[in-house]
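**Q** To start, I am sharing the structure in question, which I have written as structure tokens.
The values are calculated or read from the model by the stated rules, or taken from the named source; none is laboratory data. Values in this document were obtained by computation on a predicted structure and should not be read as measured data. All Cβ positions, glycine included, derive from the backbone under ideal geometry; neighbour counts span all protein chains shown. These accessible areas exclude ligands, DNA and RNA; they are computed on the full protein's heavy atoms, side chains included. Shrake-Rupley method; radii C 1.70, N 1.55, O 1.52, S 1.80 Å.
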Amino acid sequence: PVRRRDGESIRDSALQVAGALNLKAGGPGVKPELPKHLAESRYAWVPDTDPSEWNRRSVYVFNRRTLMLPLLKAFDGPDRNLSCPARTTTVTAEQALSRLNGPFAFEQARRVAGTVLKTEADPKRLAIACYRQVLGREPSPVETAAAVRFLDAQAKLLQAEGKVPSESLPVPTPTAMPESTAAAVVDLAHALLNASEFAYVE
């Protein structure tokens, strides 16, 4: 039967497809950067000075009894005040919203877009490359056509809105491509990272 991945697997998988996962093993718990609303909390930790440490596997992420990363908490991360002989598995709106609106997933989408744009520029090939990178498979003809239409429509929408913010561009950003087109690839990668297929396995 189809089962949902736990929060640690979802986080590690997103870092892996983005090419950002740090596979360093062992050592003390690492303290990633916290979202702004948590960074101002009295329970917040001071992030590690080396940003590459923030992308270590989730098993190494530091947790406090009163604070854990929002993505891990949303996906039924165990309460640190209680023993946890078995994890619960829920499906909630918070899980979808944490992936769709949270800064973590969007940052990985920027990296995915930057990776595929290093070798592809044609819309159809970009769509196929995004599917391969994020979901590890070839898209069907229907999915490819839908992705190409999305890239075109999204690029036109972003262009009409004016200057694309730097935080919405791929990492790294290609210099020979309109920013609106590059940002549209980020949005496609973000959509795929939010697909049910990414969070559920058979």
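**Q** Any residue in the range 25-36 that is touching a residue at least 24 places away in the same chain (Cβ under 8 Å), part of a loop (DSSP other than H, G, I, E, B) and hydrophobic (A, V, I, L, M, F, W, C)?
**A** yes
Residues are listed down the side, and each one gets a yes or a no for (1) in contact with a strand residue (DSSP E or B) (Cβ under 6 Å, 6 or more places away or on another chain); (2) of a type in the set (A, V, I, L, M); (3) farther than 23 Å from residue 20 by Cα:
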{"site": "84", "(1), (2), (3)": "no, no, yes"}
{"site": "101", "(1), (2), (3)": "no, no, no"}
{"site": "109", "(1), (2), (3)": "no, yes, no"}
{"site": "134", "(1), (2), (3)": "no, yes, no"}
{"site": "137", "(1), (2), (3)": "no, no, no"}
{"site": "147", "(1), (2), (3)": "no, yes, yes"}
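**Q** Let me spell it out: the conditions are (1) modelled with pLDDT under 95; (2) more than 22 Å from residue 98 (Cβ to Cβ); (3) open to solvent by less than 60 Å² (accessible area, probe 1.4 Å), and residue 143 meets all of them except one. Which number is the exception?
**A** (1)
**Q** Answer yes or no as to whether residue 59 is touching a helix residue (DSSP H, G or I) at 6+ places or on another chain (Cβ under 9 Å), within 20 Å of residue 199 (Cα to Cα) and either open to solvent by 60 Å² or more (accessible area, probe 1.4 Å) or of a type outside the set (Asp, Glu) (or both).
**A** In short, yes.
For every residue, the table says whether it meets (1) under 30 Å from residue 147 (Cα atoms); (2) touching a helix residue (DSSP H, G or I) at 6+ places or on another chain (Cβ under 7 Å); (3) of a type outside the set (A, V, I, L, M, F, W, C); (4) at pLDDT below 90.
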| residue | (1), (2), (3), (4) |
| --- | --- |
| 79 | no, no, yes, yes |
| 83 | no, no, yes, yes |
| 95 | yes, yes, yes, no |
| 105 | yes, yes, no, no |
| 111 | yes, no, yes, no |
| 116 | yes, yes, no, no |
| 120 | yes, yes, yes, no |
| 123 | yes, yes, yes, no |
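**Q** Right, here's the next one. Got at least one residue in the range 12-19 being assigned to a loop (DSSP other than H, G, I, E, B), under 28 Å from residue 134 (Cα atoms) and over 17 Å from the mean Cα position of the chain (by Cα)?
**A** First, pick out the residues of the range 12-19 that are assigned to a loop (DSSP other than H, G, I, E, B): 18-19.
Right, trim to under 28 Å from residue 134 (Cα atoms) and you get 18-19.
Narrowing further to those that are over 17 Å from the mean Cα position of the chain (by Cα): none.
No, every residue in the range 12-19 fails to be assigned to a loop (DSSP other than H, G, I, E, B), under 28 Å from residue 134 (Cα atoms) and over 17 Å from the mean Cα position of the chain (by Cα).
**Q** Now a separate question. Select from the range 109-160 the residues that are over 21 Å from residue 200 (Cα atoms), under 22 Å from the mean Cα position of the chain (by Cα), assigned to a loop (DSSP other than H, G, I, E, B) and not aliphatic (A, V, I, L, M) and list them in ascending order.
**A** 118, 119, 120
**Q** Can you tell me which residues in the range 181-202 are free of Cβ contacts under 8 Å to residues at least 60 places away in the same chain and open to solvent by 10 Å² or more (accessible area, probe 1.4 Å)?
**A** 181, 191, 196, listed by residue number.
**Q** Answer yes or no: is there a residue in the range 84-104 that is closer than 30 Å to residue 176 by Cβ and of a type in the set (A, V, I, L, M, F, W, C).
**A** First, the residues of the range 84-104 that are closer than 30 Å to residue 176 by Cβ: 103-104.
Of the ones still in play, those that are also of a type in the set (A, V, I, L, M, F, W, C) are 104.
Checking the range 84-104: at least one residue is closer than 30 Å to residue 176 by Cβ and of a type in the set (A, V, I, L, M, F, W, C).
**Q** Sticking with this structure for a sec: Looking at (1) open to solvent by less than 70 Å² (accessible area, probe 1.4 Å); (2) part of a helix (DSSP H, G or I); (3) among the acidic types (Asp, Glu), find the lone condition where residue 48 falls short.
**A** (2)
**Q** Which one is surrounded by the most Cβ atoms within 10 Å (Cβ to Cβ), of the residues in the range 162-180 that are charged (D, E, K, R) and either part of a helix (DSSP H, G or I) or modelled with pLDDT of 95 or more (or both)?
**A** The residue in question is 179.
**Q** Here's a follow-up. Give 137, 125 a once-over and let me know the one that is loosely packed, with under 14 Cβ neighbours inside 10 Å and of a type in the set (Lys, Arg).
**A** Only one candidate passes the filter, namely 137.
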